[in-house]
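These notes concern the structure reproduced below.
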Ligand SMILES: [Fe+2]
Ligand SMILES: [Fe+2]
């Protein structure tokens, strides 16, 4: 099995890091700006997810340094929104993109890099949870779609 170079992995982790910074800013901003009579549950959920995204960025920075790289200071493009439905739509799209991104990185990170592999699995599981929670606010039917996918995410070890 050929292993992917550290440089390639560092580059992918830095792309993910720029994405996580954007997610933190986007969720925090959407939480402050969301309007409407039913906006309170969404506001609380967005704040909760923003904290997770910040923790993901923290984990990625540590892994980049551990591999000998320099953590990026870049932030991906962010879409502004304040309408309830638009906020749900933007963030569900971003969560789906994050899931695809982490699944692609995990295909290149073999299990001998155990800490990195487990942390990426932990982040991936969080992204599935974020998507499911957003979908629950939107409709029960869509939430049912993500449940079978969630079962495929298994942890090798528990990350504190
Ligand atoms: Fe994240
Ligand atoms: Fe997320």
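The values are calculated or read from the model by the stated rules, or taken from the named source; none is laboratory data. As the structure is a prediction and not an experimental result, all values here were calculated from the model. In this analysis, Cβ positions are derived from the backbone assuming ideal geometry, glycine residues included, and neighbour counts consider all displayed protein chains.
Filter the stretch 70-88 down to the residues that are away from ligand 2 (no atom under 15 Å from the Cβ) and either in contact with a strand residue (DSSP E or B) (Cβ under 9 Å, 6 or more places away or on another chain) or in a helix (DSSP H, G or I) (or both) and list them by number.
Filtering the stretch 70-88 down to residues away from ligand 2 (no atom under 15 Å from the Cβ) leaves 70-75, 77, 80-86.
Within the stretch 70-88, 84, 85, 86 qualify.
Somewhere in the stretch 59-68, is a residue buried (at least 18 other Cβ atoms within 10 Å of the Cβ), closer than 20 Å to residue 135 by Cα and within 16 Å of ligand 2 (Cβ to nearest atom)?
Among the residues of the stretch 59-68, not one is buried (at least 18 other Cβ atoms within 10 Å of the Cβ), closer than 20 Å to residue 135 by Cα and within 16 Å of ligand 2 (Cβ to nearest atom), which makes the answer no.
Of the numbered conditions (1) within 13 Å of ligand 1 (Cβ to nearest atom); (2) under 19 Å from residue 90 (Cβ atoms), residue 47 fails exactly one; give the number of that condition.
Residue 47 satisfies all of (1) within 13 Å of ligand 1 (Cβ to nearest atom); (2) under 19 Å from residue 90 (Cβ atoms) except (1).
Name the residues in the stretch 111-144 that are at pLDDT below 95, within 30 Å of residue 7 (Cβ to Cβ) and in contact with a helix residue (DSSP H, G or I) (Cβ under 7 Å, 6 or more places away or on another chain), would you?
Scanning the stretch 111-144 gives a single hit, 111.
Determine if the stretch 27-48 includes at least one residue that is at pLDDT 95 or above, on the phi > 0 side of the Ramachandran plot and assigned to a loop (DSSP other than H, G, I, E, B).
No: zero hits.
Here is a list of conditions, (1) more than 10 Å from ligand 1 (Cβ to nearest atom); (2) surrounded by fewer than 21 Cβ atoms within 10 Å (Cβ to Cβ); (3) in a helix (DSSP H, G or I), and residue 54 meets all of them except one; can you say which number that is?
Of the numbered conditions (1) more than 10 Å from ligand 1 (Cβ to nearest atom); (2) surrounded by fewer than 21 Cβ atoms within 10 Å (Cβ to Cβ); (3) in a helix (DSSP H, G or I), the odd one out for residue 54 is (1).
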